[in-house]
1. Could you list, in sequence order, all residues of region 428-451 that are in contact (Cβ under 8 Å) with a residue 60 or more places away in the chain and either farther than 17 Å from residue 300 by Cβ or not assigned by TED's automatic domain parsing to the domain that holds residue 315 (or both)?
2. Quick test for you: out of 220, 256, 320, pick the one residue that is in contact with a helix residue (DSSP H, G or I) (Cβ under 7 Å, 6 or more places away or on another chain), assigned to a helix (DSSP H, G or I), within 23 Å of residue 93 (Cα to Cα) and outside the structural domain of residue 408 (by TED's automatic domain parsing).
3. How many residues are without any contact (Cβ under 8 Å) to a residue 12 or more places away in the chain and either within 19 Å of the chain's Cα centre (by Cα) or surrounded by 12 or more Cβ atoms within 10 Å (Cβ to Cβ) (or both) if we restrict to region 466-479?
4. Could you tell me which numbered condition residue 91 fails, if it satisfies all but one of (1) part of a loop (DSSP other than H, G, I, E, B); (2) within 26 Å of residue 267 (Cβ to Cβ); (3) in contact with a helix residue (DSSP H, G or I) (Cβ under 9 Å, 6 or more places away or on another chain)?
5. Condition first: more than 17 Å from the chain's Cα centre (by Cα), more than 25 Å from residue 31 (Cβ to Cβ) and surrounded by fewer than 21 Cβ atoms within 10 Å (Cβ to Cβ). Now tell me which residues in region 141-168 satisfy that.
6. Working only within region 456-493, note down all residues that are in a helix (DSSP H, G or I), in contact with a helix residue (DSSP H, G or I) (Cβ under 6 Å, 6 or more places away or on another chain) and closer than 17 Å to residue 383 by Cβ.
7. Quick check on region 65-84. Is at least one of its residues touching a helix residue (DSSP H, G or I) at 6+ places or on another chain (Cβ under 7 Å), buried (at least 16 other Cβ atoms within 10 Å of the Cβ) and in a helix (DSSP H, G or I)?
8. Taking residue 214, is it surrounded by fewer than 22 Cβ atoms within 10 Å (Cβ to Cβ) and over 26 Å from the mean Cα position of the chain (by Cα)?
């Protein structure tokens, strides 16, 4: 069996194994979930180290870039295949998924005490859905994984979330379903009209042979693009995100920010831009302007927040605006910056949500005004929070810098105004994150409850330490990751004339 198939469905097998465990064996449930997710990450390492970075340098089609491919008939009457494979872009996102999922499960050990079995089943099913989205090369298979991923995330928010969890979960799924249905219409159109003389859902074949007139491209770009814009989420489709983040459990917020939002940006660079290149050029100015609004709006709204988790949630709107700005610059710097920013944001923002969850478990409040002087009683926590905040700001030497820098270079080449306005988002990020840090960690301890707080446990330090390895690694030596996506990015940029 193909290793990629095993990696995708191993979490599903773990979920099935959890079904066999009886009530009262919660510790065993936690260990089964953790071991399954760690095994999935371990199996994904050969993909990373075995990836041929040189393949596809002269790619004439998507098929020249794909590695670890598996292609078997699935629904023969409709010519639907079980077609999986990875290029450099999807590989990075698969690795991000397999790395973050065990950390999220580990971070849930002390926080989730009720309905433990269902919680970890939902998390493992979610991992299978996310991995399937990034690896699918058949449009129907992609759509199945895209929709299947919604159910466990809906349950994680709706069952294990905060007081307004049902409202947030319903809003999340309704927003996503609206976009998904339009995307389904686009998929059906491509089946009948994408490749002349053939009916196929195969992404590689459509990418290589499609002859789509501009008038049709515009509608298809809009259909696919709306689904992906909601998932990013781009301004003005972002309103579901703060509610989902605030109500989700800590690990739910970590995986939502770390991976799920990247499905939207991945959709643009895998489908909208290469399949509908003429329409992409037509929409480029609109998308770039919306991305810039998202960057500035998300940052300004973050400044006004009194809840730490909501502040981090709105910061995602700002940071993912950088990704979109880079992707629609249509040049190597913009594409590479957008791809590495996807990975960097997943690690940094996932770490921020984890750290907010650490203090919430101790005080059961996320209000900034409830804290002050925490550096005196939680010095390790204070240092960790500072490093992660600086990485999110984009301090040189940490992971956030390289992505934002490349995006701004790419945007500046297209339009200097884009680069200047985008750079303001970096300044605003420093304002809202450092101001929050100052209020929470410095000054006098005015609340007696804060004087008794315990610093991070060994488990919490370990989770944060693993995240910090990549915060520093990407910041100091980004070519490890940029070299993986380079040929895939070059192919798309060449196709777009960038």
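The values are calculated or read from the model by the stated rules, or taken from the named source; none is laboratory data. Keep in mind that this is a model prediction, so the values were computed, not measured. Here Cβ is always computed from backbone atoms with ideal geometry, including for glycine, and neighbour counts include all displayed protein chains.
1. First, the residues of region 428-451 that are in contact (Cβ under 8 Å) with a residue 60 or more places away in the chain: 428-429, 431-433, 435-436, 439-447, 449-451.
Listed by number, the residues that qualify are 439, 440, 441, 442, 443, 444, 445, 446, 447, 449, 450, 451.
2. On the way: 220 fails: within 23 Å of residue 93 (Cα to Cα); 320 fails: outside the structural domain of residue 408 (by TED's automatic domain parsing).
Of the residues listed, the single one that is in contact with a helix residue (DSSP H, G or I) (Cβ under 7 Å, 6 or more places away or on another chain), assigned to a helix (DSSP H, G or I), within 23 Å of residue 93 (Cα to Cα) and outside the structural domain of residue 408 (by TED's automatic domain parsing) is 256.
3. Of the residues in region 466-479, the ones without any contact (Cβ under 8 Å) to a residue 12 or more places away in the chain are 469, 477, 479.
With either within 19 Å of the chain's Cα centre (by Cα) or surrounded by 12 or more Cβ atoms within 10 Å (Cβ to Cβ) (or both) added as a condition, the list becomes 469.
Of the residues in region 466-479, 1 are without any contact (Cβ under 8 Å) to a residue 12 or more places away in the chain and either within 19 Å of the chain's Cα centre (by Cα) or surrounded by 12 or more Cβ atoms within 10 Å (Cβ to Cβ) (or both).
4. The one condition residue 91 does not meet is (1).
5. 143, 144, 158, 162, 163, 164, 166, 167 - these are the residues of region 141-168 that are more than 17 Å from the chain's Cα centre (by Cα), more than 25 Å from residue 31 (Cβ to Cβ) and surrounded by fewer than 21 Cβ atoms within 10 Å (Cβ to Cβ).
6. 460, 463, 464, 467, 471, 475
7. No; the residues of region 65-84 include none that is touching a helix residue (DSSP H, G or I) at 6+ places or on another chain (Cβ under 7 Å), buried (at least 16 other Cβ atoms within 10 Å of the Cβ) and in a helix (DSSP H, G or I).
8. Numbers: surrounded by fewer than 22 Cβ atoms within 10 Å (Cβ to Cβ): yes; over 26 Å from the mean Cα position of the chain (by Cα): yes.
Yes; evaluated as a whole, the condition is true for this residue.
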